[in-house]
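In what follows, a structure is listed as structure tokens, so that the remarks can point back to it.
Rule-based calculations on the coordinates, nothing more; no lab input. Since the model is a prediction, treat every value here as computed from it, not as a measurement. A quick note on method: Cβ atoms are made from the backbone with ideal geometry, for glycine too, and the neighbour counts reach across all protein chains shown.
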Ligand code: AMP
């Protein structure tokens, strides 16, 4: 049916190409920065689509990427799905066996791979039957030693810059991303054309993460993680300039891009913004004057981080999402009622995960199966549904029963909702610490600890305890030159003042780095394992501090 009535990605680029042909797409590479205009980008995207056709890729086939954030990767974002094929972004930080599993599960035909990641991919592919029929294209102009791969520039070189884009249905699968899965096998989440379209439109509302053509958008969040939170699509819908930070950017690289490209909106996990803060605190002079907003998500944004950036004129917008949600679910904008509130009240709200983005519905169900009141106290598991929320896992409808109920996605996140509708994540269902039958929020303690000067990162886990079943233990990464003993005393005393005594961690341990999952989240599993067979014993908590309800 001609006319383009379906909800598909293609019109976003169609519009950007015509309205903003000269707006740039910039990418940091090892050899310097590359610059393309939307007009050039559109041509190259058509060349890629023609090359995929010539390679025999058909509608519904899966094409994978194994790449950092850069322009060629972005070319696959429109080039692959707009032909009717499905773009599978592989997380290169996954262990080899997970990579083998998901390439096989997705039945990928081609993998586009960065030169700097080719060694890692070759290691996973070597002798693995999952890779027997997979072709490789390397994201560059020259061949590489690690893999038998066609250089990307050669792959697209002789192709026409015109492409007869097909009329696609909104249900056509467009993307695929696997959740890292702290236990068990990774689970695939399929994004249809209409899911990505509606996610883009919701992002563009004032309650989302809206952009305009004057914006300069730098997604630091990896493009292999839920389409870099959809930012490449949203930025294109807005006709904004794109800035891609390339392979393994460090804070100095990000600072240079912000200053020299005039970045106005950026997004990444808290670690990225803590890293930039530290870089500046170390005495590096960074001009943040163009930067209006940083979107912080993937893990809780500590209040201290929000305040630090506020002091420098940069608004931290806290967002919550999941792979299953394409990924945006809530954004912590202030409602108009709160705009006159005092700063403390405002920051308190902004540090919450926020208000649900229009188009989604949610409910919060407690342990007794009842919906919780919106009082900021009662908590339960968040369930959510909407046009960009997946309804099952890829190729595993049978394995989906625990995660989906009556059309709702069970998020596994434990939340409160306050009277204004702000959702606050208090824990993952699996991370909640149960001590003497009472519940302790590991996330709240982490945020409190991370607010102390001298703490660069902190995480809190529940470890087995012979009397209280579980007790919290804090793991802290100290800043340089910190007096550790004094810091522990300060944290313990401060927490005693602010929380019930039995919330105060039994131990504060120093570590060099908080172990991270392949998507950059704190991996509590590793830390819990350290205590797995040395259960804390009686006496760790003074008797008078014990939970009263035992
Ligand atoms: P993923 O699917 O890998 O993006 O992980 C989704 C999970 O990350 C959510 O279910 C939350 O547990 C966590 N998460 C995402 N955003 C936030 C946030 N702003 N604050 C706290 N946790 C978050």
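At-a-glance table
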{"item": "Simple spin-label estimate for residue 439 and residue 335 in nanometres, 7 Å along Cα-Cβ", "result": "2.3 nm"}
{"item": "Helix 484-498 axis, angle to the chain major axis (alpha carbon atoms, nearest 10°)", "result": "80 degrees"}
{"item": "Helix 38-54 vs. the chain, principal-axis angle (Cα, 0 to 90°, nearest 10)", "result": "70 degrees"}
{"item": "Distance from the range 484-503 to the range 352-397 (C-alpha centre basis), Å", "result": "33 Å"}
{"item": "The range 88-172 - percent relative contact order, Cα under 8 Å, separation 6 or more", "result": "24 percent"}
{"item": "Length-normalised contact order of the chain in % [C-alpha pairs under 8 Å, at least 6 apart]", "result": "11 percent"}
{"item": "Three-way shape label, the range 250-299, alpha-carbon gyration tensor, a/c 1.5", "result": "oblate"}
{"item": "Proxy reagent accessibility, fewest Cβ within 10 Å first, across 510, 475", "result": "510, 475"}
{"item": "Fraction of beta bridges assigned by DSSP in the chain that are antiparallel (%, nearest 5)", "result": "55 percent"}
{"item": "Gyration tensor (alpha-carbon) shape descriptor, the range 431-545, a/c threshold 1.5", "result": "oblate"}
{"item": "Relative contact order for the range 431-545, counting Cα pairs under 8 Å that sit 6 or more residues apart, in percent", "result": "26 percent"}
{"item": "Overall form of the chain per C-alpha gyration tensor (a/c, 1.5; a/b vs b/c)", "result": "prolate"}
{"item": "Most to least packed among 458-464, 92-98 [average Cβ atoms within 10 Å]", "result": "458-464, 92-98"}
{"item": "Between 0 and 90°, nearest 10: helix 270-281 axis offset from the chain longest Cα axis", "result": "80 degrees"}
